[in-house]
Amino acid sequence: MVQLQKKTVKIVSVLIALVFVGSVVALALTQSGSGIASAASSNVGVVDYRQIASQHPQLQQANNEMQKAVADAQKEFEEKSKNMNEQEKNDYYQQTQQRLQQKNQELMDPIQKDIEDKVKTVAEAKGLSVVLEKSTVVYGGNDITQDVLNKLTK
């Protein structure tokens with residue numbers, strides 16, 4: 001009788017496990033199927049961010065300011081580091097690099113924000129739910145690069 005119960009328990013356990021695994025597989029299939037259907041029916045845009053950034057009207061001014069800051073920092077470094085030992089020069093060089101990185105960030109942040117705002121405006125006007133970087137997309141998508149460039153130049 002004990003052997004019969006052990007065998008029955010094993011069979012029931014295996015059946016429960018199979019039902020559980022089957023349920024998980026069925027749930028996964030239904031979820032991935034609806035995800036595929038919704039991705040196919042949604043509007044996805046693509047944008048060439050590098051092209052837009054390189055043609056941004058404020059980029060040349062930011063580049064000029066950055067070049068001037070680098071030249072000024074280089075001149076300042078040469079003057080102040082004359083009487084420094086190697087360790088002091090290295091420390092001062094690191095500080096100068098950090099200041100230049102911060103300056104670059106200050107100059108580029110408004111440009112990046114402007115680009116993001118224009119991408120969002122164009123995407124909303126075209127009814128796009130997602131916009132991806134063009135270089136990451138293998139196939140498909142509505143290219144809105146030119147529309148964003150038009151918004152930037154207005």
Would you kindly state how much longer the chain becomes between Tyr93 and Glu79 on full extension, computed as 0.36 nm times their sequence separation minus their alpha carbon distance, in nm to one decimal?
-> 3.8 nm
Pairwise FRET efficiency - Gln146 versus Asp109, Cβ, R0 = 22 Å, nearest 0.05 = 0.35
Would you mind pulling out the separation of the Cα centroids of the stretch 97-154 and the stretch 47-93, in Å?
-> 24
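A short reminder: the numbers here are calculations on the coordinates, not readings from a lab. Given the structure is predicted, the values throughout are model-derived calculations rather than measurements. For neighbour counting, all protein chains shown are included, and Cβ atoms are generated from backbone atoms with ideal geometry for every residue, glycine included.
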